[in-house]
1. For the stretch 76-130, what class follows from the C-alpha gyration tensor (a ≥ b ≥ c being the square roots of its eigenvalues): rounded when a/c is under 1.5, otherwise prolate if a/b is larger than b/c, else oblate?
2. With a 1.4 Å probe and all protein chains kept in place, how do Asp149, Asp100 rank by accessible area, largest first?
3. With a 1.4 Å probe and all protein chains in place, put Arg121, Arg169, Arg45 in order of accessible area, largest first.
4. Take the cross-link list Lys28/Lys120; Lys60/Lys120; Lys60/Lys114 and give me the ones stretching past 32 Å between alpha-carbons.
5. Where does the stretch 83-221 land on Rg/Rh, using Cα atoms and the Kirkwood Rh?
6. On the accessible surface of the stretch 112-163, probed at 1.4 Å, how many percent belong to carbon and sulfur atoms?
7. State in Å² the accessible area per residue of the stretch 30-138; use a 1.4 Å probe, count heavy atoms of protein chains only, and round to the nearest integer.
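The values are calculated or read from the model by the stated rules, or taken from the named source; none is laboratory data. For clarity, every value in this text was computed on a predicted model and none was experimentally measured. The accessibility values were calculated without ligands, DNA or RNA, using every heavy atom of the protein model including side chains. Shrake-Rupley method; radii C 1.70, N 1.55, O 1.52, S 1.80 Å.
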Amino acid sequence: MQISRCVLGSLLLNICYLIQLNGAAEKKWKGRGTTPNLEDIIIGRCSDYIAIVNPSVGDKNCSAIWAAFKSAFASKDPCSVIPSDYELFINMTHHDIPTDKSLFWENNKGLVNKYTDKTKRYMGLGDTLSGWVADDLNFCGSVTGTGIDYDSCPTTAECENNAEESFWRIASVAYAKESSGEIQILLNGSTPGGAFPVPSFLSEYEIPNFQDDKVTKINIWVMDDIGGVDVPVKILQCVDFPDHPDCTTNRSAFTASSWMMMTISFITLFINRANIFSH
């Protein structure tokens, strides 16, 4: 059977179009792709949390929690995921945060994780069920294939409404609203540009959502990397750096240094929320 040149030309054009369309759908982003075995990790972390880390949260359906998490971004444009897409997940993972146990932070995650000690001292966002299951994971959707992109995910610089950014926004807001009593805020004084970065999750999604009728006091700690001038949690840092000069000599300096600093940015930010401090 012979094929006319006209029909053959049309077929070639369609093939070229499909190739171009497929190439556009498989765009490579700058961020890491979805963490392999994401479902197993989420369900496993959920089970670990309710059975060992924090049994006080009660019984939770970890398979349903995974399904709610996945549905927020799977099979969607990876740049069209908004915080409200995770509302079902946030509702399903909700649990009380003990009064006086909330710990907020910026640019010192590793130290905060050591300090909270899996909810034994405090309960940071990463120590809640929602934060626990998603911490350090990469995830994004795809409009093709399995609905999840395991090759690459967009960074916030590429698009703000990506799966990870939107997740941590709504998780941060929910955590701030649930916090009560005496609030702890831990900042890193060694961060280039200042201890209190703006914009940041702390300034945009957490502090503005503190509930005036629930928060009684806010303690702000500014600490430095080991060797710095501020004291808070230096003893904890010395666990990891026992041979550092600051941990072996001049111990009297621990009590002589200030335990708290407040930056001009923080003073300005809190002026409009002064009633928190008046409780």
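1. In terms of gyration-tensor shape, oblate.
2. So the residues, ranked largest to smallest area, are Asp100, Asp149.
3. Reading off the accessible areas and sorting them downward yields Arg121, Arg45, Arg169.
4. In this structure, Lys28/Lys120 lie more than 32 Å apart at Cα.
5. Values: Rg = 15.7 Å, Rh = 16.0 Å.
Computed over Cα atoms, the ratio is 0.98.
6. 42
7. 46
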